[in-house]
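The values are calculated or read from the model by the stated rules, or taken from the named source; none is laboratory data. Source: prediction; values computed, not measured. Because the Cβ atoms are built from the backbone with ideal geometry, glycine has one as well, and the counts that use them run over all protein chains shown.
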Amino acid sequence: MKRSLAWGALSVALFLVAIIYLYPLILVVINSLKTFTEIMTDVTALPTAPDFQNFVNAFRLLEYPSLCLNTLIATAIGTIGVVLLSSMAGYRLSRTKTRASWFVFIICVAPMMIPFQSFMIALVKIAKILHLTGSVYGLGVIYWGLGVPLSLFMYHGFVKSVPTELDDCARIDGCSPLRAFFQVIFPLLQPVTMSVIVINAMWMWNDFLLPLLVLSGEKKAMTLQLAAYNFFGQYKIEWNYAMAGVLLTVTPAIIFYIALQKHIIKGMTAGAVKA
Amino acid sequence: MKSENLKRHLRSTLEFAGFTVPAVIVIFAFVELPFLMSVLYSFTKWNGLDKVPVFIGFANYMEIFTNDPNMMQALGFTLLFTVFMVFFTNVIAMLLAVALDSKVRGKNVLRAAFYVPNIISMIIIGYIWRFIFSKGFDSFYALTKIPAFQLSWLGDAKLSFVSVVIVSVWQAIGFYMVIYIAGLQTVPKDIIEAAMIDGARSSTRFFRITMPLILPSITVCLFYSLSSALKTFDVIFSLTFGGPGTATTSIALDIYKTAFSDSRFGYGSAKSVLLFFLILLVTVFQLSLFKKREVEA
């Protein structure tokens, strides 16, 4: 009896902590529904009548649909590319036990140790030469190089748990190596693939520095994070617009999180522990 | 017979290449080549516009160490920030993980709640907190009259350091909490129960049994928090932009400003090469320190 009471008290305390912890975000929601004068009088008060005009304005000023589309294109190209390139290479490198294979593996995973800021200056130069700047497609392609090392590492480890007999089966049936891989092996890698998708999509969707460097100045090729940053700079005093803008920017990621919650937790843990 | 063998060898080599070369190409083009180029640029003077950078030997490195108060300030800030960030993030995340791995009610909701800030991009997080520190704190002061809310949390050099730490820790806790929970779940319950029967107190049980067993998680979390703190950028970019003055300019932000605001690409490259070595040194040291202490249940 005493014990369960203690657990109950801890539970209540933790819920209180959680509310305080999330209070900044609660304030964002409250203030996105207020008029400008209401924000100026008291940030903590609830809106007298919820006003959705801020969202309408922020939606229009941000050109929200095209932003979402741009970010989605870059994220999709980036994530799909990373999944394909790293699963193929991770599988082959894990199966081939030669010195050359080991060497290629090291070349592929060593870049995990190079921080992005250590090569971004020259990366911008290379992106310009390859005509990858100023477009979300180019941005997606650059993500391949940045995302493959960790993902390849994760596939490489997981493939060991897939019996080699399956490779031989597909081979005897006369499949081409690529078809054998995508029809027989790739479906079996699904648990890692989920983790890889989650890790890469969350990172690319929320990334700021690379888009800032390679898309800068290109109005048509804005991503959500980049546009949000500019938006905040522009509407410095209109906090009500800005708060609605924050919510609009954050919503897709929250939906993604709610839809894939289990996989996200698993993916994040997998990625972290493997690295 | 021999040509048959050769053919098979050729085919398996081709297959190996077909599977691996695409990955190698993108990694080389977008990570390794630019990194090597940065190392080369670090020995040059180059404004990004001239066709050919001018070779100047170690002059950039000399300047960093002898004649660049901004970089030294950024180095000091980054190291101090890293110490605070790594300490508070890991301690709080571990405490939460222990609390939320117990029999407490509603732990799934609580876990999700603490994870929420981690879904939001750092750029937005920084902006949300700029709102809290300015408008929010004004209202808090009006309501509570607590003097702390009246201070200039983003305008004062010392306080803005604290603000950057608070916001970074606030955002990061959920992620590390999840890793610690995963670690705690691998601790066999019978060992803990055996210790309980032997009369070990809960603090002894935690430090003597649980901690050593979740050392792999601690190693990972320290590694991650160290390397991400040392290259912190986004949150500062939108929260303080390195200010007031250069009080909260991290190395990564200093590199960005040197290269893309001052157009000193050679000099910025030298700084970026140093950042690489700094992170490598710190993380390799940490890993070697922790890896050999890991035990198994």
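Checked against the criterion of being surrounded by fewer than 23 Cβ atoms within 10 Å (Cβ to Cβ), over 30 Å from A:SER66 (Cα atoms) and within 7 Å of another protein chain (Cβ to nearest Cβ), the candidates A:PRO177, A:PRO191, A:PRO163 yield just one match: A:PRO177.
Note on segment B:95-134: residues that are surrounded by fewer than 24 Cβ atoms within 10 Å (Cβ to Cβ) and among the β-branched types (Val, Ile, Thr) amount to 7.
Any residue at all in segment A:131-147 that is away from chain B (no Cβ under 11 Å), without any contact (Cβ under 8 Å) to a residue 40 or more places away in the chain and either surrounded by 14 or more Cβ atoms within 10 Å (Cβ to Cβ) or out of contact with any helix residue (DSSP H, G or I) (no Cβ under 6 Å at 6 or more places or on another chain) (or both)? Within segment A:131-147, one or more residues are away from chain B (no Cβ under 11 Å), without any contact (Cβ under 8 Å) to a residue 40 or more places away in the chain and either surrounded by 14 or more Cβ atoms within 10 Å (Cβ to Cβ) or out of contact with any helix residue (DSSP H, G or I) (no Cβ under 6 Å at 6 or more places or on another chain) (or both).
Any residue that is within 14 Å of chain A (Cβ to nearest Cβ) and out of contact with any Gly (no Cβ under 9 Å at 6 or more places or on another chain) - is there at least one of those in segment B:204-215? No: zero hits.
Selection of helices (runs of 4 or more DSSP H) fully inside segment A:158-275 by the criterion of at least 2 residues being more than 30 Å from B:PHE19 (Cβ to Cβ) and touching a residue at least 12 places away in the same chain (Cβ under 8 Å) returns A:209-215, A:224-234, A:239-259. Counting only helices (runs of 4 or more DSSP H) wholly contained in segment B:43-137, the ones carrying 3 or more residues that are within 14 Å of another protein chain (Cβ to nearest Cβ) occupy B:69-100, B:107-115, B:122-131. Among the conditions (1) within 21 Å of B:ASP101 (Cα to Cα); (2) touching an Asp or Glu at 6+ places or on another chain (Cβ under 7 Å), A:LEU33 misses just one, which is (1).
Take B:ALA93 and decide whether it is more than 23 Å from the chain's Cα centre (by Cα) and small (Gly, Ala, Ser). Answer is no for this residue.
Considering segment A:11-68, and only residues there that are aromatic (Phe, Trp, Tyr) and more than 27 Å from the chain's Cα centre (by Cα), the residue that is nearest to the other protein chains (Cβ to nearest Cβ) turns out to be A:PHE15. The set of residues in segment B:152-173 being within 14 Å of another protein chain (Cβ to nearest Cβ) and under 13 Å from B:SER225 (Cβ atoms) consists of B:SER168, B:VAL169, B:GLN171, B:ALA172, B:ILE173.
Looking only at segment B:148-157, residues that are assigned to a helix (DSSP H, G or I), closer than 23 Å to B:PHE88 by Cβ and free of Cβ contacts under 8 Å to residues at least 60 places away in the same chain come to 2 in all.
Residues are listed down the side, and each one gets a yes or a no for (1) over 30 Å from B:LEU49 (Cβ atoms); (2) surrounded by 17 or more Cβ atoms within 10 Å (Cβ to Cβ):
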site	(1), (2)
B:MET211	yes, no
B:PHE223	yes, yes
B:GLY242	no, yes
B:ALA252	no, yes
B:ALA270	no, yes
B:LEU280	yes, no
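Condition check for B:PHE87 on (1) within 26 Å of the chain's Cα centre (by Cα); (2) surrounded by 15 or more Cβ atoms within 10 Å (Cβ to Cβ): one failure, at (2).
Checking each residue in segment B:107-132 for being without any contact (Cβ under 8 Å) to a residue 60 or more places away in the chain and more than 12 Å from B:GLY174 (Cβ to Cβ) picks out B:LYS107, B:ASN108, B:VAL109, B:ILE128, B:PHE131, B:ILE132. Among residues belonging to segment A:259-275 that are more than 7 Å from chain B (Cβ to nearest Cβ) and more than 12 Å from A:VAL198 (Cα to Cα), point out the one that is modelled with the highest pLDDT. The extreme case among them is A:LYS274. Residues that are within 23 Å of A:VAL246 (Cα to Cα), within 22 Å of the chain's Cα centre (by Cα) and not small (Gly, Ala, Ser): does segment B:155-162 have at least one? Within segment B:155-162 (the criterion being within 23 Å of A:VAL246 (Cα to Cα), within 22 Å of the chain's Cα centre (by Cα) and not small (Gly, Ala, Ser)), the answer is no, since none of the residues qualifies. Being surrounded by fewer than 23 Cβ atoms within 10 Å (Cβ to Cβ), touching a Ser or Thr at 6+ places or on another chain (Cβ under 8 Å) and of a type in the set (Phe, Trp, Tyr) is not true of A:TRP102. Tallying residues that are of a type outside the set (A, V, I, L, M), more than 8 Å from the chain's Cα centre (by Cα) and more than 10 Å from chain B (Cβ to nearest Cβ) within segment A:194-210 yields 1. From the list B:ILE179, B:ILE146, B:ILE192, B:ILE173, the lone residue that is farther than 30 Å from B:ARG208 by Cβ, in the same structural domain as B:LYS231 (by TED's automatic domain parsing) and not aromatic (Phe, Trp, Tyr) is B:ILE146. Tallying residues that are at the interface with chain B (Cβ under 7 Å from one of its Cβ atoms) and outside any helix (DSSP H, G or I) within segment A:84-116 yields 3. Looking only at residues of segment B:238-257 that are at the interface with chain A (Cβ under 9 Å from one of its Cβ atoms) and more than 15 Å from the chain's Cα centre (by Cα), we find that the one that is nearest to B:ILE279 (Cα to Cα) is B:ILE255.
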